[in-house]
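To start, the structure under review is shown below, and the notes come after it.
The values are calculated or read from the model by the stated rules, or taken from the named source; none is laboratory data. Note that the structure is a prediction, hence the values are computed from the model and not measured. With ideal geometry, Cβ positions are generated from the backbone for all residues, glycine too; neighbour counts draw on all protein chains shown.
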Amino acid sequence: MQLNIRNGYFAVFSTLLYCCVLVTDADSHDIWITTKQDEAGTIYAIVHHGHPGDRKTPDPDKLFEFNMLADGQSTRSLLPGIKSASQGGIPVLITEPMAKESNIVLLAARYDNGYWVKTQNGYRNTNKRQVPDSEESLYSMKFAKALIRTNEAAADGYDTLIGHRLELVPLSNPFGVKPGDVLKVRVHFDGKPLSGVGVEAGDGVTPMDEKDIPRYQTNEEGVAFVQIVKAGPQLLVVDYILPSTHPDLANHELYNATLSFVLPASVQEK
């Protein structure tokens, strides 16, 4: 049998294009974590949903796991007492005060955004069993990590692999980079390096057109070389879409992961 390379390429391209359209229209929004500190020095964790310039209201019931890991060992859930709030007019979730730690603290969350199908009235939060004639459908799961440096000497805990299905892991201390430096980040899927995916870099604040977002492709070892442009908040994002393991419920599964941290304004450019 002779393989038609041109038709095969077109089929693959068409599938990728379809997936991109589906993700863009249905649920390409991110979950990410930041913190705030009050006048007394008390720190709170904040969960965001959406994109800069297109913010959504995060659903506390879909946030089924939110932990604080200190020193890469002890774990405490931040779910008790978490509530909906507004930050500068933007809907967010905010935790109770966090315990003070002396090293790099890792915050980690999982957010089950459920099933989505495209109907004549736009996308709806249900599955293919309820809309069997829908051609576009997906299941959406979101993961978020944030690194917090509680003192300038803290240098451990940034590379903890916590076991999210899709996960971003820095390979060097992100608080040691300067604007102009490259931060190496490995993408893991099911605990293994994931090659050929784009890691987006932004700040979680500045709106950007999709075409203007910097993307850094992972190599065969799952490593992306991310250019750090400026000090301040950093937000790295990766999406991964694959055929559904439950095709009766959705055509595809969309996984989204974020990693956030703040590079102090005191760092000097190279």
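Please state which of the following conditions Arg124 fails to meet, knowing it meets all the rest: (1) more than 19 Å from Pro243 (Cα to Cα); (2) of a type outside the set (Val, Ile, Thr); (3) touching a residue at least 60 places away in the same chain (Cβ under 8 Å).
Result: Arg124 passes all but (3).
If you check Val238, Val229, Val199, Val185, which single one turns out to be touching a residue at least 24 places away in the same chain (Cβ under 8 Å), within 16 Å of the chain's Cα centre (by Cα) and farther than 30 Å from Asp61 by Cα? Spell out how you get there, then give the answer.
Numbers: Val238 fails: farther than 30 Å from Asp61 by Cα; Val229 fails: within 16 Å of the chain's Cα centre (by Cα); Val199 fails: farther than 30 Å from Asp61 by Cα.
The match here is Val185.
Residues checked against (1) of a type outside the set (Lys, Arg); (2) more than 30 Å from Asp212 (Cβ to Cβ); (3) in a loop (DSSP other than H, G, I, E, B); (4) touching a residue at least 12 places away in the same chain (Cβ under 8 Å):
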| site | (1), (2), (3), (4) |
| --- | --- |
| Tyr44 | yes, yes, no, yes |
| Gly50 | yes, no, no, yes |
| Glu65 | yes, yes, no, yes |
| Met68 | yes, yes, no, yes |
| Leu79 | yes, yes, yes, yes |
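For the range 91-112, how many residues are at pLDDT 95 or above and assigned to a strand (DSSP E or B)?
Matching residues across the range 91-112 total 10.
Collect the residues in the range 125-172 that are modelled with pLDDT of 90 or more, charged (D, E, K, R), within 19 Å of Gln234 (Cα to Cα) and surrounded by fewer than 21 Cβ atoms within 10 Å (Cβ to Cβ), keeping them in residue-number order.
Asp159
Would you check if there is a residue in the range 244-252 being under 16 Å from the mean Cα position of the chain (by Cα) and either within 25 Å of Gly53 (Cβ to Cβ) or of a type outside the set (Phe, Trp, Tyr) (or both)?
No, the conditions are met nowhere in the range 244-252.
Identify the residue in the range 25-42 that is crowded, with 17+ Cβ neighbours inside 10 Å and not in a strand (DSSP E or B) and, among all such residues, is modelled with the lowest pLDDT.
Ala26
Residues in the range 220-270 that are among the charged types (D, E, K, R), farther than 22 Å from Gly202 by Cβ and surrounded by 14 or more Cβ atoms within 10 Å (Cβ to Cβ): how many?
Of the residues in the range 220-270, 1 are among the charged types (D, E, K, R), farther than 22 Å from Gly202 by Cβ and surrounded by 14 or more Cβ atoms within 10 Å (Cβ to Cβ).
In the range 187-216, what count of residues is obtained for those that are out of contact with any Phe, Trp or Tyr (no Cβ under 9 Å at 6 or more places or on another chain), in a strand (DSSP E or B) and more than 17 Å from Leu235 (Cβ to Cβ)?
3
Looking at (1) under 24 Å from Leu93 (Cα atoms); (2) not in a strand (DSSP E or B), which is the only condition Glu135 fails?
Exception for Glu135: condition (1).
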